[in-house]
Amino acid sequence: METLKERTAKGLLWGGASTGLQQVLSLVFGIILARKLSQADYGLVGMLAIFSAVAACMQEGGFIAALNRKKEVTQRDYNAVFWTSILTSVFFYLLFFFTAPLIADFYGEPRLTSLARYSFLSFLFVSFSIAPRAYIFKNMMVRQSSIIALVSMALSGVVGIIMAYQGYAYWGLATQNIVFTLSVSVLNYWFSGWRPSFHIDLRPIKEIIGFSSRLIVTNIVTAANTNILAVMLGKFYTAPEVGNFTQANKWNTMGHSLITNMLYSIAQPVLTKTEDDLARQKHVFRKLLRFTAFVSFPLMLTLALVSEEFIVVLITEKWLPSAHILRVLCLAGAIMPVSYLFSNLLISRGYSGEYMWCSIALCIAQLVGVSICVPFGIRYMVMVFAGVNIVWLGIWFLLAHQKIELSIREAVSDVAPYALLSAAIVVGAYFATTGITNIYLSLVLKVLLVGVVYCAALWLLGSTIFKEAVLFVTKKKID
């Protein structure tokens, strides 16, 4: 019988390996599509992102987190979630189908009417996966979840590329997402082993709606917050400018999601299993916090360092304007996994209300800041957007301090060493490579310098997290 520590370590390993492979696939598909398609193609799809995100939040309904917290989950519970998700998805698809012309009018882009009606078909497909996903999540079936994500990404990526090269432009991007959601739904059924019944009984939803309803509001606010810049840019700027932001945000999201996806499958289940022992939960949380900082800061700060070389080498100079946006977004991206971990702590302890109000306040701060900067241009809007996210980490810490008595000294000692070391090495690498004019050589040297020096410094400083990671990967026993 595996211990919780062993399951957590294996979950992180599988999550890390899976996310790494997903990022490689996403990188390959992203390069091919970005070289073939235009900024306007990405811009059109990016304008619809907020509607898809909000609908997805309503479909999921906080049910996955709510079922994870429930001590005993029955077939009736999963079945109720299954039918509720489907009914919700049908409602939202019909709503967005008939309001698609209004969306097109808002942006002043007639092509969005038909594109929206087609893209939002993904609502229908994804709803079938909510219940089996909840089953896989609660049982920490990380390996199966990893296979599902990899197969779905590979299949949808190939379809998107074929359509792009057949001249379907932004329709290929929309189809890629539809194929992904359909594949995810089918594979979740296959691997979970769970099957619904046609006896529709929604009464179990009443038992979890109090907790899940606050998560619904929070997830909607978070989705709006994540996509607020694309909406503002789509309203006040052109489709190509939205495309540049969408491209930069995609690479930034790929970077920080490498860490958050690793944490997703294990953080909330592990923290929930230890909620009855506050001291143990705090110990687990701090270890996850150190691991998150250990990975997040060097990865995202290095991406900021090589943003120009990265964009030009991979997707050509036509996307160079997105490199400047990417550099700023990466600074906030380094913080995102840490904030994500703090929010999971609140959910695991049942404080969905605090999580909701904190997320709403963050969204309001983002909206106000970005709105003020509209007359000054995209650069300032992005800087304010990133700045608010960085500052808000302090708010998440204050909530964690209240719930598990995490002191500022403990939080700083867990995060600051990795953040400061990464920043110092990245700055050093920047000055050490300023004289290099070959863009390919500059990219390789910067990445190698940061990676080698960072690992060497951690080894010499005796970093426990670094040594445990090395030992686990090499299959040696961790004490």
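The values are calculated or read from the model by the stated rules, or taken from the named source; none is laboratory data. These numbers were taken from a predicted model, which means no experiment stands behind them. Every residue, glycine among them, receives a Cβ derived from its backbone with ideal geometry; neighbour counts consider all protein chains shown. The protein model used for the area step is the full one, side chains on, heavy atoms only, and it has no ligands, DNA or RNA in it. Shrake-Rupley method; radii C 1.70, N 1.55, O 1.52, S 1.80 Å.
Given a 1.4 Å probe, how much area per residue of the chain is accessible, in Å²?
Heavy-atom accessible area per residue stands at 43 Å².
Given an 8 Å cut-off on Cα distances and at least 6 residues of separation, report the relative contact order of the chain as a percent.
Averaging sequence separation for qualifying contacts and normalising by length gives 20 percent for the chain.
Picking from Tyr135, Ala104, Gln402, whose Cα lies most toward the positive end of the charge dipole for the chain (charges on Cβ: Lys, Arg +1; Asp, Glu -1)?
Tyr135
In what order, largest first, do Trp459, Trp357 sit by accessible area if the probe radius is 1.4 Å?
Per-residue accessible area, sorted high to low, gives Trp357, Trp459.
Heavy atoms only, probe 1.4 angstrom, no DNA, RNA or ligands counted: give me Trp396, Trp83, Trp190 ranked by accessible area, highest first.
Trp190, Trp83, Trp396
Given the -39500 (n - 2.57) contribution per DSSP H run of 4+ residues, what per-residue ellipticity at 222 nm results for the chain, rounded to the nearest 500 deg cm²/dmol?
-28000 deg cm²/dmol
Quick one: longest stretch of the chain between exposed loop GluC sites (Glu not before Pro), exposed meaning at most 10 other C-beta atoms within 10 Å and loop per DSSP?
Excluding the exposed sites themselves, the longest stretch runs over 73-479.
Compute the Cα gyration tensor for the range 93-189, then decide on rounded, prolate or oblate, letting a ≥ b ≥ c be the square roots of its eigenvalues: rounded whenever a/c is under 1.5, prolate when a/b is larger than b/c in the other cases, and oblate in all that remain.
It is oblate, given that a/c is not under 1.5 and a/b is not larger than b/c.
Would you kindly find the accessible area of Ser413, with a 1.4 Å probe and non-protein molecules such as ligands, DNA and RNA excluded, rounding to the nearest 10 Å²?
60 Å²
Enter the Cα centre distance for the pair the range 87-124 and the range 240-255, rounded to the nearest angstrom.
22 Å
Taking the Cα centre of the range 158-252 as origin, sum charge times position over the Cβ atoms of Lys and Arg (+1) and Asp and Glu (-1), and report the length of that vector in debye to the nearest 20.
Here the size comes out at about 160 debye.
Let me spell out the model: positive unit charges on the Cβ of Lys and Arg, negative unit charges on the Cβ of Asp and Glu, origin at the Cα centre of the chain. What dipole size does that give, in debye rounded to 20?
800 debye
Could you state the number of Å between the C-alpha centres of the range 302-362 and the range 418-451?
Their Cα centres are 21 Å away from one another.
Round to the nearest 10 and report in Å² the accessible area of Trp392, as given by a 1.4 Å probe over the protein chains' heavy atoms.
Solvent-accessible area, nearest 10 Å²: 40 Å².
Within 12 Å, Cβ to Cβ, of Thr316, how many net charges do the neighbouring residues add up to if Lys/Arg are +1 and Asp/Glu are -1?
Within the 12 Å Cβ shell, the charges total +2.
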